[in-house]
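Please treat every number below as a calculation from the coordinates, not as lab data. Keep in mind the model is a prediction, meaning the values are calculated, not measured. Here the Cβ is made from the backbone with ideal geometry for all residues, glycine too, and neighbour counts use every protein chain on show.
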Number of protein chains: 2
Amino acid sequence: MSFNVGISGATGVTGEVALRILEARNFPVRQLRLFASKRSAGQTLRWRESDYQIEALEEAAFDGLDLIISATSASIARSIVPKMVAAGAIVIDQSSAFRLDSGVPLVVPEINGVDLQSHNGIIAGPNCTTAVAVMAIAPLHEAFEAQNIVSSSYQAMSGKGREGMKEFLAASQAALGQSEGLRGHETLNLPDPVQFPHYSAFNLFPHCEQFETGSDMSTEEAKMEAEMRKMLHAPNLMVHATAVRVPVLVGHTVSLSAGFKQPVSPSQARQVLQAFPGLSVLDEPQAGIYPTPLAASGIDEVLVGRIRTVPFFKNGLSLVASGDNLRKGNALNAIQVAEQVLGIKQN
Amino acid sequence: MSFNVGISGATGVTGEVALRILEARNFPVRQLRLFASKRSAGQTLRWRESDYQIEALEEAAFDGLDLIISATSASIARSIVPKMVAAGAIVIDQSSAFRLDSGVPLVVPEINGVDLQSHNGIIAGPNCTTAVAVMAIAPLHEAFEAQNIVSSSYQAMSGKGREGMKEFLAASQAALGQSEGLRGHETLNLPDPVQFPHYSAFNLFPHCEQFETGSDMSTEEAKMEAEMRKMLHAPNLMVHATAVRVPVLVGHTVSLSAGFKQPVSPSQARQVLQAFPGLSVLDEPQAGIYPTPLAASGIDEVLVGRIRTVPFFKNGLSLVASGDNLRKGNALNAIQVAEQVLGIKQN
């Protein structure tokens, strides 16, 4: 059995990673179609030793496609995804457009694959930082019932896509030539930031996505609570998130402190985490073994470590988790969802 | 009135920054003496348009010095600082050697300058990350009584001194030539880390200082609680810290969530913070105004922003603070302590 598969936003970094993963996992593709903006239409992308021509998303007909992985902005997804569904495709949408809609399952397969049993054609993947955090929290929530979580994130620049990566690398190159300037910012001469609200090179800022008028939290921070609640079926879970962009290219990290309803020790937590698919526990700090974004980049597993008691939380635990924001945080999760919904066994 | 001043560890980055600050603040220096390891003895450093020859710390006599700013490792400080005090100098020691000794004041002048009234010749400066965090917490503690704090840090590579900075910049240069490798770490070919436990370029790791045998927290994390308690005269304050090294050259940032005994709103907190000397409140996130390490580097003030309520903490507040780890986190604080203890007015 094989499927007609489309990638929407194929020229973006998620599209690129999705193509690589479809190939590496030997995904049963009968026909592949690639969609992107008009600007890219007519260009070709190589996949499994063939060239595929990119179609303009705005003008394409989607008939005959079984599955579309949609990796566009939320505003494009809002206008295009319904047309894809109307044409008969199942759409795994990676944007925030439909994540909180009641008819749309928001799924990490290891956690709530059961929610795939009912959908209206659209299935959403979570925010990339939330995906990493929820992988670490879900098994603990299942066993000990999480009640509240304080999260501080360390989010890679690739969260802003290909243009963000380019701007960051160029700014880093420029800054390296002026390393004295990094010690007293006033003398720095860096290209003006376009993708980011501040210089990205050797800097960080507590600002991911937008701050909506009147809100003191960023949309990124709001997603962490709303999406965790939905995926964990935990409407009362409280999450206070601080989202920070850091000068790492790939790999999102979160520092989490959580309180649980049931008592939990670090060794119990390690057992539960180690047994969970898609997680790898790295927790021997004396030997330098703990999650880092560089170790998490390019792999499927989310890394978890630095598991400790938080004495002043009720049944408190803290931990650090790192995951590849382009893979488990995005394209890999989408493909894992597709495999489950289409009944494809990974070999 | 002027003073005979020594800098111990003069060739290190703290020594270098101390020399610049003494000059910029027009510190009343009668005689300047510079000390470093034998390896550097005989070399000269320039200060106020004169060359000063470096003396070997191990062999030096300290007679006649009124003040020594000591910026060596804790182990060197332990053996040398007592000799300096015996020779009649007041020593501002920036290492961790004496910070928690009962006869030794541990001081940030804006916070607990009153503790300088009694000392035995040694005055300690705090850990660089703790200095940034305690500047943000002290005025809130004074007004609302902090009870517990969750801290996640974003610590610059310069916390590992000049050699750390060199290794980090060289690794960054090497990694920029292999940016594809940053997307899947296995193909990266970077120089082996010496100063850091992992590749420092475009990476981060929850590992600052050491993990002592049997402890699941780093010595850096332990300092945050012990030093805050001492400086704030708050023996029951609970601090749960996660210390993370990030690929920033200068400027330590902390993401803090704290519970207070008294009710406190974000606007009350902003008022109290804005009124505190040495702090600057940057808190208009919609306009991209909040602390960043690049904005904090090279300046005296600690920057505070992203001030919000934490709904599930008792009287909970969260905030982000950034400060120059080489200045307020180190040399600047030492010189401010010296000014207060010697009765020097800043003009």
- request: Could you bin all the Cα-Cα distances of region B:237-347 into 5 Å bins starting at 0 and give me the percent of pairs in each, rounded to whole numbers?
  value: 2, 11, 17, 20, 19, 15, 10, 4, 1, 0
query: What dipole magnitude, in Debye to the nearest 20, does chain A give about its Cα centre under +1 on Lys/Arg Cβ and -1 on Asp/Glu Cβ?
result: 340 debye
query: Could you give, in nm with one decimal, how far A:ARG25 is from each other copy of that position, shortest first, with labels 7 Å out from Cα toward Cβ?
result: 5.8
query: Which percent of Cα-Cα pairs in region B:89-130 sits in each 10 Å bin, short to long?
result: 32, 61, 7
- prompt: What are the principal axis extents of the Cα atoms in region A:158-316, in Å, biggest first?
  reply: 53, 44, 30
- request: Calculate the translational D of the protein assembly as shown in whole µm² s⁻¹ from Stokes-Einstein, where the hydrodynamic radius comes from the Kirkwood formula applied to all Cα pairs, the temperature is 25 °C and the viscosity 0.890 mPa s.
  value: 93 µm²/s
statement: At 37 °C and 0.692 mPa s, the Stokes-Einstein diffusion coefficient in µm²/s for region A:67-190, with hydrodynamic radius from the Kirkwood sum on alpha carbon pairs, is 187 µm²/s
- line: Taking every alpha carbon pair in region A:1-144 and sorting the distances into 5 angstrom bins from 0 up to the bin holding the longest one, the percent per bin comes out as 2, 9, 18, 22, 21, 14, 8, 4, 1, 1, 0
field: Computed magnitude of the charge dipole of region B:1-97 (debye, nearest 20; Cβ of K, R +1, Cβ of D, E -1)
entry: 120 debye
task: List the equivalent ellipsoid semi-axes of chain A in whole Å, largest first, each obtained as the square root of 5λ for an eigenvalue λ of the Cα gyration tensor.
output: 32, 27, 18
query: For chain A, what's the relative contact order in percent, using C-alpha pairs closer than 8 Å and at least 6 residues apart?
result: 18 percent
- line: When the charge dipole of the protein assembly as shown is computed with +1 on Lys and Arg Cβ and -1 on Asp and Glu Cβ about the Cα centre, the Cα farthest towards its positive end, among A:SER257, A:MET217, B:PHE313, belongs to B:PHE313
task: Take every DSSP beta bridge with both residues inside the protein assembly as shown and express the antiparallel ones as a percent of the total, to the nearest 5.
output: 50 percent
Nearest-to-axis residue of chain A, judged by beta-carbon position, where the axis maps A onto B, in Å: A:SER152, 2
- prompt: What is the diffusion coefficient of region A:202-271 in µm²/s, taking the Kirkwood radius over Cα pairs and the Stokes-Einstein relation at 20 °C with a viscosity of 1.002 mPa s?
  reply: 149 µm²/s
query: Of the cross-linked pairs B:LYS223/B:LYS328; A:LYS38/A:LYS83; B:LYS83/B:LYS230; B:LYS38/B:LYS83; B:LYS160/B:LYS230, which ones have a Cα-Cα span greater than 19 Å in the structure shown?
result: B:LYS83/B:LYS230; B:LYS160/B:LYS230
task: Determine the percent antiparallel among the DSSP beta bridges restricted to region A:1-140, to the nearest 5.
output: 15 percent
- prompt: Over its Cα atoms, what ratio of radius of gyration to 2.2 N^0.38 Å does region A:258-322 give?
  reply: 1.13
- line: Shortest first and in nm, the label-point separations between A:GLU58 and its counterparts in the other identical copies (7 Å out along Cα→Cβ) come to 7.4
Nearest-20 debye value, region B:45-121 charge dipole, Cβ charges on Lys, Arg, Asp, Glu: 160 debye
- request: For region B:169-262, build the charge dipole from Cβ charges (+1 Lys, Arg; -1 Asp, Glu) around the Cα centre, then report which of B:PRO206, B:GLN173, B:GLN195 sits farthest towards its positive end.
  value: B:PRO206
